[in-house]
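The values are calculated or read from the model by the stated rules, or taken from the named source; none is laboratory data. Computed from a predicted model, the values in this text were never measured in an experiment. Note that each Cβ is placed from the backbone with ideal geometry, even for glycine, and that neighbours are counted across all protein chains shown.
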Amino acid sequence: MTPTTRQECAALDAADPLAPLRDEFVLPAGVVYLDGNSLGALPRSTPGRVADMIEREWGQDLIRSWNDAGWWDKPRTLGAKVAPLVGAGPDEVVVGDGTSANLFKCIVAALGLSDRSVVLGEAGNFPTDLYVAEGAASLAGAVQRRVDPDGPGLERELAAGDAAVLLLSHVDYRTGTLRDMPGITRLAHEHGTLVVWDLCHSVGAVPVELSASGADFAVGCTYKYLNAGPGAPAFLYAARRHHASASQPLSGWHGHARPFDFTGEYEPAPGISRFLSGSQPLVADAALEASLDVWAKADLALVRAKSLAMTDLFLARAAEVGITSVTPAEHARRGSQVALIEPEEGAGYAIVRALIARGVIGDFRAPDVMRFGFTPLYLRHTDVWDATEALHEVVRTGEWRDERFARRDQVT
Ligand SMILES: Cc1ncc(COP(=O)(O)O)c(C=O)c1O
């Protein structure tokens, strides 16, 4: 039952098995943070872990840390810690580079496994996915075609029989729509198409089952729900069955079978390591490790149940004040964010700015989406209630019409 008073929310918080995890995060007083789907909050252990990496591993142990602190193996050891969050084997994920670079590697690798020459992209996907697919396709002599993954056109496009690879976001970055990973992957495979999943808005937000879904490749960032910090390294998944045959285009020495032979000929490593390229940002890796150690304490089923309860509450309260949601009402189709639209020109942006001025931090995605992310590790039901109280006031009083809320910042 969705709570209808703040007291009912407080009762839910008192009984919440995830509540102790909130203490693992630094959360500024007076802020309800609904933007963890863009930049996650800072784990309390991160500054100490990063300081130790810098002062001891680097400062004192110097070059010896490549062996003694496991620096060389970090992409694999961190990949193994990401793996349970995405339903993958520990040897199927590596951490390194950024989401965009990893997308490029996966798309080119998938094209290389097929004799077809179409990348089926998603109309309305996050722009980097569209841009990288365009670039990767043109370098590989292929083309990108775009499809609405939530409409009947997807099956028709796949049935055309010319798509080498389908690139989809598991959760839509604007609307928060969750796609049926097992169903879509099965359909694509039936038509001879491989699938690359972008997990940026689903890892840490919803349970992800890459292996059970038969997914081929996937990428994801770690600075949103995984809380690894701004610009933190991304991860890449390749199904074990593709390891021996897939080759990626950024064939650097970290992906070599025997990097310390320093030979002039490239020979890809036998497993997931072949997806690595060069040296990684080890200071940022230390921050990621701290945040993954917090995630290791979380039960994903509980995270999902709390996320749905919080988005149910937010959706119900937004409806009370007459604001339209473009986030699916069905649980099976909803990620961990709510996207609202207010049709009046400029209203969405100004409402988000007015909420931020009250300490309720969400964000805005052009042309008209107000986005609110729900992170069960550190949000309480009472926070959601308080955020909706602020939303009610901002909308009912017309507070958002103040001209200071119309000024555009560089990052919205
Ligand atoms: C779906 C999706 N893919 C990719 C990215 C970003 O890519 P990168 O980490 O390379 O900046 C984002 C960022 O918000 C995203 O939402």
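If only one of Thr382, Thr397, Thr375 is buried (at least 21 other Cβ atoms within 10 Å of the Cβ) and either polar (S, T, N, Q) or farther than 30 Å from Glu24 by Cβ (or both), which one is it?
Among Thr382, Thr397, Thr375, only Thr375 is buried (at least 21 other Cβ atoms within 10 Å of the Cβ) and either polar (S, T, N, Q) or farther than 30 Å from Glu24 by Cβ (or both).
Within the stretch 101-121, identify whether any single residue is among the basic types (Lys, Arg), in a loop (DSSP other than H, G, I, E, B), within 15 Å of the ligand (Cβ to nearest atom) and touching a residue at least 24 places away in the same chain (Cβ under 8 Å), and answer yes or no.
No, the stretch 101-121 has no match at all.
If a residue must be under 16 Å from Arg404 (Cα atoms), small (Gly, Ala, Ser) and surrounded by 18 or more Cβ atoms within 10 Å (Cβ to Cβ), how many such residues does the stretch 352-372 contain?
Number of matching residues: 1.
Is there any pair linking a residue in the stretch 2-28 that is of a type in the set (Gly, Ala, Ser) to one that is assigned to a helix (DSSP H, G or I), with Cβ under 8 Å and at least six apart or on different chains, and which?
As it stands, the answer is Ala10/His381; Ala10/Thr382; Ala19/Asp13, since those pairs meet every condition given.
Please determine, by comparing only the residues of the stretch 6-27 that are farther than 18 Å from Phe314 by Cβ and of a type in the set (Asp, Glu), which one is nearest to the chain's Cα centre (by Cα).
Per the criteria, the residue is Glu24.
Answer yes or no: is there a residue in the stretch 68-81 that is within 16 Å of the ligand (Cβ to nearest atom), among the hydroxyl-bearing types (Ser, Thr, Tyr), closer than 25 Å to Tyr237 by Cβ and part of a helix (DSSP H, G or I).
no
Would you call Glu92 assigned by TED's automatic domain parsing to the domain that holds Ala215, in contact (Cβ under 8 Å) with a residue 24 or more places away in the chain, acidic (Asp, Glu) and touching a strand residue (DSSP E or B) at 6+ places or on another chain (Cβ under 7 Å)?
Yes, satisfied.
Inspect the stretch 134-144 for any residue being at pLDDT 95 or above, closer than 21 Å to Ile184 by Cα, of a type in the set (S, T, N, Q) and outside any loop (DSSP other than H, G, I, E, B) and give the result as yes or no.
yes
Outside the structural domain of Val206 (by TED's automatic domain parsing), surrounded by 13 or more Cβ atoms within 10 Å (Cβ to Cβ) and in contact with a strand residue (DSSP E or B) (Cβ under 9 Å, 6 or more places away or on another chain), is that true of Ile272?
No.
Listed here are the residues, each with its yes/no results for (1) surrounded by fewer than 24 Cβ atoms within 10 Å (Cβ to Cβ); (2) of a type outside the set (Val, Ile, Thr); (3) within 22 Å of Arg179 (Cβ to Cβ).
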{"site": "Glu92", "(1), (2), (3)": "no, yes, yes"}
{"site": "Asp115", "(1), (2), (3)": "yes, yes, no"}
{"site": "Pro127", "(1), (2), (3)": "yes, yes, yes"}
{"site": "Leu139", "(1), (2), (3)": "yes, yes, no"}
{"site": "Asp148", "(1), (2), (3)": "yes, yes, yes"}
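Would you point out which residue out of Val132, Val143 is among the hydrophobic types (A, V, I, L, M, F, W, C) and surrounded by fewer than 17 Cβ atoms within 10 Å (Cβ to Cβ)?
Only one candidate passes the filter, namely Val143.
Scan the stretch 288-298 and give yes if some residue there is under 28 Å from Ala228 (Cβ atoms) and free of Cβ contacts under 8 Å to residues at least 60 places away in the same chain, otherwise no.
No, there is no match, as no residue in the stretch 288-298 is under 28 Å from Ala228 (Cβ atoms) and free of Cβ contacts under 8 Å to residues at least 60 places away in the same chain.
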